[in-house]
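Right, one structure below, let's go through it.
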Amino acid sequence: MNIYEKLVEVRKSVPYLQKGEKGFQFNYVSSSQVLGNLKNKMDELGLLLMPSVTSKEVSEHLTAKGGKEYFTELLMEFIWINAEKPEEQIKCNWYGQGLDSGEKGVGKACTYAEKYFMLKFFNVPTDKDDPDSFQKKHEEKPDKPEVQQKAATQQKLVTQKPVENKPASGPIQWPAFWAGMKKLGYSESEVHAFAKVESLKEWTREMLDELVKDLREAKNKGDKQ
């Protein structure tokens, strides 16, 4: 097999990953979970993935309690190599980030980059559902016409309900979000530290709304976490 055929076989081997780790108000897929599910097939097919850092930027931030945090951003290159035919290679540029109060920023950024590169490269869906439940959803036969008609009717009723309280649609406007955080009195590093995550890029609007609510409550109590 050529390198493209092998990558397709790796993609087929992991149709789904369950979010098994818990973070700030949400579940997530860990780096070890991602690599553990893909590595065996990569070894079987003789595929190598070589990462390298092409650019690094580290910025220092002060926390609400006066401590220091270091936000590390990396530009990386991942190279797929067919071990049977080393001349067959695929190069991919990628980005990673890590927030740490010590010397682990680069390591966290590399781990972040590798995990999301693998997830996105192989289009691996993740959800909080059990894998068997997820598989069942995608293997079930289409509903009968009368069932489809009932579902369509229910959907129509739902869409006719008032929508004034629904959050705005469309992509999240990050500059406006961070401007709002600054106005509230929080820096980016403080928000990340409060949420206990390295990035909010994967968060939904609902999760961000909850985060803002918690930050406002903490602000009102005079206790920035």
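Tell me which residues, restricted to region 63-102, are among the aliphatic types (A, V, I, L, M), in contact with a Lys or Arg (Cβ under 6 Å, 6 or more places away or on another chain) and surrounded by 14 or more Cβ atoms within 10 Å (Cβ to Cβ).
64, 74
When the residues of region 153-195 are filtered to those that are at pLDDT 80 or above and charged (D, E, K, R), which remaining residue is surrounded by the most Cβ atoms within 10 Å (Cβ to Cβ)?
By that ranking, first place goes to 190.
The values are calculated or read from the model by the stated rules, or taken from the named source; none is laboratory data. Predicted, not measured: the structure shown is a model, and the values here were computed from it. Note that we place each Cβ from the backbone using ideal geometry, even for glycine, and neighbour counts take in every protein chain shown.
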